[in-house]
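Below you'll find the structure, written out as structure tokens, and then a few comments.
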Amino acid sequence: SGLISSFVIQPKSTLLDPTNQWKLFFLVAFFLTSRIYLWIVPDALNDGRTGTDPDMQIASPLGFLLGGFLVGFGTRLGNGCTTGHGICGMARLSLRSFAGVMSFMFTGILFASLMPPSNPHVRETPEEYTSENYAPTTTTNAIVSVIAATVGVFALVGLIRKTSSPDDVTENQFDEWNNKRRKILPSIGGAILFAVGLIVSQMTIYSKLFGFLDFSLMPKGSWDPT
């Protein structure tokens, strides 16, 4: 959400400022890696459990929209996501990260386990579910492709254009500018690993996420600890 919000709050600076180019390359690398992976393994996102398992409750479009907003808002509010706090923060024994991980895990388990299955606003029954309703449409694919292409053009223009170091700056300011320029290659590598990791770990499959968070599935024997 930090990367995406910068395009909304400061689009000109994000697209044109050389110190922000690493954000552009991260998004382009993430998009291309996902596309290439799905081209090689077209069944990678198939979810055979959702819609067929009567115990698997399904979020409605409104539920997805509300959940996405809260995740983005919470990430900004907590200065980090599951990866930032759960891996990097906890690895360095950050108390704020431990508090963040406990907060979002507890909240996710609470809502997934206790939200009434009959709630018509945020839940759908397996009978109402059709994979076509949740699959990307031609329009959404086109919009995402245009956005990714636009970001890619700005990234390439910034890379090809000879960008000299800023004048009339202090040594500390020059070091900061130079360090941000050096983030480009690590950001590309990070985006590739992030995209592949999400797909390989099946974090993009709904039943894997909800099947783990919904503890009410334990007595039914269909809880998924993986």
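Observations
- Matching residues, region 54-67, being more than 30 Å from Q10 (Cβ to Cβ) and open to solvent by less than 60 Å² (accessible area, probe 1.4 Å): D55, M56, Q57, I58, A59, S60, G63
- Out of T82, T107, T33, T50, one residue alone is in contact with a helix residue (DSSP H, G or I) (Cβ under 8 Å, 6 or more places away or on another chain) and modelled with pLDDT of 80 or more. It is T33.
- Residue that is modelled with the lowest pLDDT [pool: residues in region 116-162 that are under 24 Å from T19 (Cα atoms) and loosely packed, with under 11 Cβ neighbours inside 10 Å]: K162
- Some residue of region 58-79 being among the basic types (K, R), modelled with pLDDT of 80 or more and under 22 Å from L198 (Cβ atoms): no
- Failed criterion for D55 (all others in (1) over 21 Å from K208 (Cα atoms); (2) touching a helix residue (DSSP H, G or I) at 6+ places or on another chain (Cβ under 7 Å) hold): (1)
- Counting only helices (runs of 4 or more DSSP H) wholly contained in region 164-218, the ones carrying 2 or more residues that are modelled with pLDDT of 80 or more, under 30 Å from G68 (Cα atoms) and not aliphatic (A, V, I, L, M) occupy 184-200, 206-213.
Yes/no matrix, rows are residues, columns are (1) closer than 18 Å to A191 by Cβ; (2) open to solvent by 30 Å² or more (accessible area, probe 1.4 Å); (3) among the hydrophobic types (A, V, I, L, M, F, W, C):
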{"position": "W22", "(1), (2), (3)": "yes, yes, yes"}
{"position": "W39", "(1), (2), (3)": "yes, yes, yes"}
{"position": "T52", "(1), (2), (3)": "no, yes, no"}
{"position": "F69", "(1), (2), (3)": "no, yes, yes"}
{"position": "G89", "(1), (2), (3)": "no, no, no"}
{"position": "L114", "(1), (2), (3)": "no, yes, yes"}
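- Criterion (without any contact (Cβ under 8 Å) to a residue 40 or more places away in the chain, of a type in the set (D, E) and out of contact with any Lys or Arg (no Cβ under 7 Å at 6 or more places or on another chain)) met by exactly one of D17, D53, D47: D17
The values are calculated or read from the model by the stated rules, or taken from the named source; none is laboratory data. All figures in this text were calculated on a predicted structure; none of them were measured in a lab. Because the Cβ atoms are built from the backbone with ideal geometry, glycine has one as well, and the counts that use them run over all protein chains shown. Surface areas here come from the heavy atoms of the whole protein model, side chains and all, with no ligands, DNA or RNA. Shrake-Rupley method; radii C 1.70, N 1.55, O 1.52, S 1.80 Å.
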